[in-house]
1. If you go through the stretch 77-99 one residue at a time, how many are touching a helix residue (DSSP H, G or I) at 6+ places or on another chain (Cβ under 6 Å), of a type outside the set (A, V, I, L, M) and open to solvent by 10 Å² or more (accessible area, probe 1.4 Å)?
2. Please name all residue pairs, on different chains or six or more residues apart, with Cβ atoms under 6 Å, provided the first residue is in the stretch 214-241 and is of a type in the set (Ser, Thr, Tyr) and the second residue is open to solvent by less than 10 Å² (accessible area, probe 1.4 Å).
3. Where residues in the stretch 324-343 are in contact (Cβ under 8 Å) with a residue 12 or more places away in the chain and among the hydroxyl-bearing types (Ser, Thr, Tyr), which of them is nearest to residue 258 (Cα to Cα)?
4. Every residue in the stretch 31-86 that is among the acidic types (Asp, Glu) and under 16 Å from residue 144 (Cβ atoms), please.
5. If you check every pair at least six apart or on different chains, which have Cβ atoms under 8 Å apart with a residue in the stretch 1-29 that is part of a helix (DSSP H, G or I) first and a residue that is open to solvent by 90 Å² or more (accessible area, probe 1.4 Å) second?
6. I'm checking my understanding of the structure. Among residues of the stretch 100-147 that are at pLDDT below 55, more than 22 Å from the chain's Cα centre (by Cα) and of a type in the set (S, T, N, Q), which one is most open to solvent (accessible area, probe 1.4 Å)?
Amino acid sequence: MTNEQLTDAAEVAAELRTVAADIFTDAADRLADTVARTLDAQVWATLEETGLARLTGSEDSGGSDAGWLEAAAVLGEAASAGVPLPLLEHDLLAGWLRDAAGPPASAEAPTGSPADAAGSTPAISTAAEAVATGRPVTVPWLPAAASVVVLDSSGERPQVYEIAASDLVFDERTSVSGEPQAVVVLPTGVAGAVEVSAEVADEFRYRGALGRAVQMAGAGEAISQLCVEHVTTRVQFGRPIGKFQAVQQLVTDVASEAALTRTIVDRAVLTVAEHGMQDARSRFFVAAAKACAGGAAETIVRNAHQIHGAIGTTLEHSLQRRTRPVMGWRREFGSTAEWETRIEELVLDGDADLWELVTA
């Protein structure tokens, strides 16, 4: 991507961030004070109408020809507002896999997703990887999805196929954050599945990791803001608790970790937008972003709940709408330790030059 194209994409991303913030602020006001975080069909319909639900695909496939800068802006705003949505799964994973493989011969017509207020059915897709025959996998948003786009990496060559959610038998559960998910044994070796390259399979994991890092960065900044607001308005012993040095240190640590996460995540998104996910620099920064976000999450969540005390754990308070997802996201698409190991491998065994990476 040229500098001019990057500039144009950044401008569009800024505009989308403003639009998305308005949509998600309204959606956050409608969230129920419950442990479960179900899909808001009304906000999803709005995203479909505005083209924000499927940004990165080509126009022929129902997308908007956008890239990572634009998609990250919307994804981060949803996480910041604490609104649960399958944007990563539907657009950046399922939609991308479908485009990368072409229409799988075994694809089923999307059916079985929840109806919205107008009675129509949003065709939501989620994505998953089948790594071995007969092995159960956890699929995010499967109970709310019409179909699953599956990366079958159980054989010698990775394949992609799509299957209707109604054709699967699964054990419905909720994630740490309360979002719907399910444990299911996905078929492998499906007749008519489309063979893809090993690079596509590897990129699927990197895309998932970067998407989760973007979400953690957005939620982390919102958590930091909530902490600042709380310590300036909460009064103890005749003065705001933000006047106490111990509390100031907790808030400072949250803000520092959130800012660090935002910096490296933004660098990763920009690098991927400029050079593509196959570039060694992109892979290094994606690995660093996921590792950094995962490491920062522990401090951010722990300190935030110490700052807020008991009120921060109540369903009525918006803090837990950010901290619960963060603790779930940090473990998905690879743990912090796994991505730290990946950084080492990229530098020692790959094509990445550490000095060039950190000084570029």
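1. Count: 3.
2. Listed by first residue and then by second, the contacts come to 224/254; 224/258.
3. That would be 336.
4. First pass over the stretch 31-86, keeping only residues among the acidic types (Asp, Glu): 33, 40, 48-49, 59-60, 65, 70, 77.
Matches in the stretch 31-86: 40, 48.
5. 9/1; 27/42
6. The selected residue is 121.
Here's the yes/no breakdown for (1) within 29 Å of residue 13 (Cβ to Cβ); (2) more than 29 Å from the chain's Cα centre (by Cα); (3) open to solvent by less than 80 Å² (accessible area, probe 1.4 Å):
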| residue | (1), (2), (3) |
| --- | --- |
| 229 | yes, no, no |
| 237 | no, yes, no |
| 241 | no, yes, yes |
| 244 | no, yes, yes |
| 256 | yes, no, yes |
| 269 | yes, no, yes |
| 279 | yes, no, yes |
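Every residue, every condition in (1) under 22 Å from residue 218 (Cβ atoms); (2) charged (D, E, K, R); (3) in contact (Cβ under 8 Å) with a residue 60 or more places away in the chain; (4) not in a helix (DSSP H, G or I), yes or no:
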residue: 254; (1), (2), (3), (4): yes, no, no, no
residue: 257; (1), (2), (3), (4): yes, yes, no, no
residue: 281; (1), (2), (3), (4): no, yes, yes, no
residue: 299; (1), (2), (3), (4): yes, no, no, no
residue: 303; (1), (2), (3), (4): yes, no, yes, no
residue: 322; (1), (2), (3), (4): yes, yes, yes, no
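The values are calculated or read from the model by the stated rules, or taken from the named source; none is laboratory data. Keep in mind it's a predicted model, so treat the numbers as computed, not measured. Note that each Cβ is placed from the backbone with ideal geometry, even for glycine, and that neighbours are counted across all protein chains shown. Areas reflect the complete protein model, heavy atoms only, side chains present, ligands, DNA and RNA absent. Shrake-Rupley method; radii C 1.70, N 1.55, O 1.52, S 1.80 Å.
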